[in-house]
1. Do any cysteines of the chain lack a neighbour Cys whose Cβ is under 4.7 Å away, and which are they?
2. Which of the peptides 131-142, 73-84 is most tightly packed, and how do the rest follow, judged by the mean count of other Cβ atoms within 10 Å per residue?
3. Work out the FRET efficiency for residue 175 and residue 5 from their Cβ-Cβ distance, taking R0 = 41 Å, and round it to the nearest 0.05.
4. May I ask you to list the lysines whose Cα is less than 27 Å away from that of residue 149, ignoring any residue fewer than eight positions away on the same chain?
5. Could you check the simple spin-label distance between residue 70 and residue 89, using points 7 Å along Cα→Cβ, in nm with one decimal?
6. Compute the FRET efficiency between residue 77 and residue 113 as 1/(1 + (r/R0)^6), taking r as their Cβ-Cβ distance and R0 = 22 Å, and round to the nearest 0.05.
7. Percent relative contact order of segment 52-172, based on C-alpha pairs within less than 8 angstrom and at least six residues apart?
8. In the neighborhood of residue 33, defined by Cβ-to-Cβ distances under 12 Å, what is the net charge if each Lys or Arg adds +1 and each Asp or Glu adds -1?
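Nothing in this text is a laboratory measurement; each read-out follows from the coordinates by a stated rule. The structure displayed is predicted, hence computed values, not measured ones. Please note: Cβ atoms are built from the backbone with ideal geometry, for glycine as well, and neighbour counts cover all protein chains shown.
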Amino acid sequence: MTINTQAFSASEWIARNTRGGVHITAETQTAVSNFTTMWNFFESALCENRASVAAFEKLMSRCQPDAFPKDIAHTLVECITFWRFRYRTPHGFGDRFSNLHFRKSDRRDLVESVLSSDTAPAADELLALMIIVYRIRNNLFHGLKSFEKLNEQTKNLDNASRCMAAILTVVPSAIVHPERQLQLANA
């Protein structure tokens, strides 16, 4: 018996075995890989492996969004700005926002309020960012994003990964390098 030691390619398998032979681009594969890796760190480090809106609300007591270092605050502003442009339309919120598939407990009202305002409180923005990332995660991991549309999610997934990295950098946890936490505490 020989063992196949060749790396498995999900995109090649999907292209060969799904209706229409959908091709997932290398850029999309990288974005999905980065997102799933960052989600793993985010959920385990900050949510005790049980991500939920309630866990995010609890997490808020471990940080001070108004006191984040400028580079992290800038990154988070870029993230919220990206989603404001992605989800808002001149008439409210578009299909992309509806396709986040908020559940009753997901605080859609808060997310809408933050995305509708250019001057929302930093704590509300941070919570809204985590909720948006969570909805993207649930849609990706539970199959609500179709393969046909996955290539259209690259920038969205990249933004979510960048957002999680920024949050992981400023919220105390056992995973983030202790020297970085000390630098942030002294900033």
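1. For the chain, the answer is 47, 63, because their Cβ atoms have no other cysteine Cβ under 4.7 Å.
2. On the way: 131-142: 19.5, 73-84: 17.2.
With the highest mean Cβ count within 10 Å placed first, the list reads 131-142, 73-84.
3. It comes out at approximately 0.85.
4. Partners found: 104.
5. Each label point is offset 7 Å from its Cα along the Cβ direction, giving 3.9 nm.
6. 0.85
7. 40
8. Details: positive: none; negative: 27, 158.
Counting the neighbours of residue 33, the net charge comes to -2.
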